[in-house]
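Data first, discussion second: the structure below is written as structure tokens.
Since every read-out is calculated from the coordinates, none of them should be taken as a lab result. Source: prediction; values computed, not measured. Here the Cβ is made from the backbone with ideal geometry for all residues, glycine too, and neighbour counts use every protein chain on show.
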């Protein structure tokens, strides 16, 4: 189902055989999706048949998710937003870099089109130095964050661990007895946070028997079809997942870990993950817009991939993380939690996973750690979503995108070196 | 279907036979709807089976509509909210009035419980003199406005008429050729705005053959069941409505008029009704929260009943209307449009309708006009939703409620005289 595709890696280059429209050709506003009263037949999109999430229509849908499925609000509160100061740098557009898969240079501006960027903002020392919107996105709209959601959930987990509300050495079943007989029962909170649980769970969409299909069906908010005998909702689906190996040995990027983390956060704090996120973050740092998160049939937020927010609000969140949890002089999140995120995870466990394209990387608290010299780390979601934090360059980049290929291996070659080139540029500025 | 019930009058006292929980007994937070991870079986609510909208569960759902159905956002923009000044008056709670159906007095405070109030705010000369929240509602949450939506749609219609974008004397088919063969084809824009169209359309929920059932099924955002042969979406449903009588003679309160008005507004302005509402109102008067509106399967906002907003934001809207379209010194909406609303409609046409309980009232631009000495007029929605404007007392009352009986005839006897008593009190204050 389409919902699962929002959070997991599709095989890279799955659509490589057929010619794919360019970013300019697939501009969702010019294509006229869902425009008119009523929209033209061939421009109508629906949730139920998955048409809303097929490229290129998906380029419109990622900015209109609440119009397709039920969502729970993540409130910004009612106070005035904290403006982000500006120091725009027009030279960024022409910064040249060498893509890791090419023999010639590309400019920053070219890379935005290349990667089907819907919106991008760069903060340097807390000031906006670059900001662009494309297609259906605008400053006052929200975009699907896909698996960047996992890093938000993981951040809440790290915060509760730092505060002692969650014990990272305890087993999941100690908090959630319902998971005792599942793969997660004897996994520790830490193993869930770092995704080193050993699960019999395939997210290979090319395999019709992959467990992700059942998982997505369970989480789909539409009423179950007649004769449906599977689990209903994320909580029920998680209980069916079987162990496959030994916990703690290898990183395995599996969405259910994030939903277990969301469940742990809810049980330990007494608040649904969206409400805790509002209370601890969204209401605290002068956000401009409420965020929202898709829910299953029982109202459970999709902690593995359902989050939607404004571009600049995601930048505020990134800046909060870059500053060890401080915002305008106030310690909003415990510094110890953010330091744990920024330190990175086990490179050995990561090396045992199926990510040869990311050598030297690691995964900690549901954040990805690059192997670059600046210790940059990132939240990452399919189709090009990212919050990229470079602590040394004091830089935060947030990108929303709608790349035709889900897997980030399709856009990393023209993204990661671009981010590093911008970091170098910003560090050299007077 | 439950969705239709949000906008139309149910037979008064339909649930009168069985004992009904009091407001205190049915407090949705204490009842624990959808609380817990996962919620208890008997506290789970679903959209598809209608359980989310049955009393008393409905008392929780009216504050959580987006968690059950897709919605389109009505943006407040990104600027700081305009604070509403306060001059709280604790004496309001003990104001006594005589309900029209009782022999003894009741206090204002008692009437709030009597009417299953979820939130109420009173503005006097633009200042908040009274503000209360109950149950699931809070200042930073949103509540279903039910048919108050119609008055928002009607206001946009009146604005476009005043500006000349819509000609009130033209026929609907001049703007929407698709409606030429329907009841609306030869109705004028004015007749739609005042609901004096003659439609073969029953909103009697006690009658399984009433046209409202087909209408609600068409607007339901869930995929249509197998074998469904009816219209899909509001636009299609409106085309099937047949004429029944002569237009312009009698007021007939029928929801499809509001959806035709929404369609007219969209066609004439080129913008969906939610987007125009954001552009003309929600972004202009310092709202605290985005509002949202439920949509059909094709993304069409339910202009007859799908709107949800914050209590104080509805008060801002009411205050905008009371001030002939001015907000903080700026003319936001044309005064002529608001004067047309405030003047009221044809009492003769209203007297020919089935509202003997509202003698001397009229209906204009989708607003209800009382027959009281102050020329008070109101937006009204089932289960007790209202924006009540008393121009002489310079008073605006907004109430969100979840009365077990849908029809306002169940709460008017303990509401309308209460509003008049508060108006007298405020006019007598120093």
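In terms of surrounding Cβ atoms within a 10 Å radius of their Cβ, A:153, B:370, B:196 rank from fewest to most as B:370, B:196, A:153. Scanning chain A for the beta carbon that comes closest to the axis linking it by rotation to B yields A:80, 2, distance in whole angstrom. With neighbour counts taken as other beta-carbon atoms within 10 Å, the residues B:388, B:228 rank, fewest first, as B:228, B:388. Entry note, segment A:16-77: relative contact order of 27 percent, from Cα contacts under 8 Å with a spacing of 6+ residues. The simple spin-label model puts a point 7 Å past each Cα toward its Cβ; for residue B:279 and residue A:167 those points are separated by 5.9 nm.
Put the Cα centre of segment B:43-119 next to the Cα centre of segment A:16-74 and the gap is 35 Å. Treating r as the C-beta distance of residue B:48 and residue B:348 and R0 as 30 Å, the FRET efficiency rounds to 0.10.
How do A:43, A:171, A:91 line up, fewest other C-beta atoms within 10 Å first? Least to most surrounded, the residues fall as A:91, A:43, A:171. Comparing mean-square fluctuations of B:349, B:401, B:229 from a GNM of chain B with C-alpha springs under 10 Å, the top value falls on B:229. Shortest first, residue A:326 label-point distances to identical copies amount to 4.8 nm, with the label point at 7 Å from Cα along Cα→Cβ.
Across chain B, the relative contact order, built from alpha-carbon pairs under 8 Å that are at least six residues apart, equals 25 percent. With R₀ fixed at 41 Å, the C-beta to C-beta distance from residue B:24 to residue B:127 puts the FRET efficiency at about 0.85. Here residue A:113 yields copy-to-copy label distances, from shortest upward, of 6.9 nm, the label point defined as 7 Å from Cα along Cα to C-beta. Relative to the other identical copies, residue B:428 shows label-point distances of 8.0 nm, where the label point lies 7 Å from Cα along the Cβ direction and values run shortest first.
Put simply, the Cα atoms of segment B:119-158 extend 32, 28, 14 Å along their principal axes, the longest span coming first. A simple spin-label model places the labels of residue A:82 and residue B:204 6.1 nm from each other, with each point 7 Å out along Cα-to-Cβ. Residues within the reach of a label modelled at residue A:331 (point 7 angstrom out along Cα to beta-carbon, backbone nitrogen below 17 Å), restricted to segment A:154-184, are A:158-165. Comparing mean-square fluctuations of A:281, A:148, A:192 from a GNM of chain A with C-alpha springs under 10 Å, the top value falls on A:281. Label zone of residue A:373 (point 7 Å out along Cα→Cβ, amide N under 15 Å): in segment A:383-401 this covers A:391-394. Placing a pseudo-label 7 Å from each Cα along the Cα-to-Cβ vector at residue B:226 and residue A:228 gives an inter-label distance of 1.5 nm.
Largest mean-square fluctuation among B:294, B:75, B:402, in a Gaussian network model of chain B whose springs join Cα atoms under 10 Å apart, belongs to B:75.
Calculated mean residue ellipticity, 222 nm, the protein assembly as shown: -7000 deg cm²/dmol, from DSSP H runs (n ≥ 4) at -39500 (n - 2.57) each, averaged per residue and rounded to 500.
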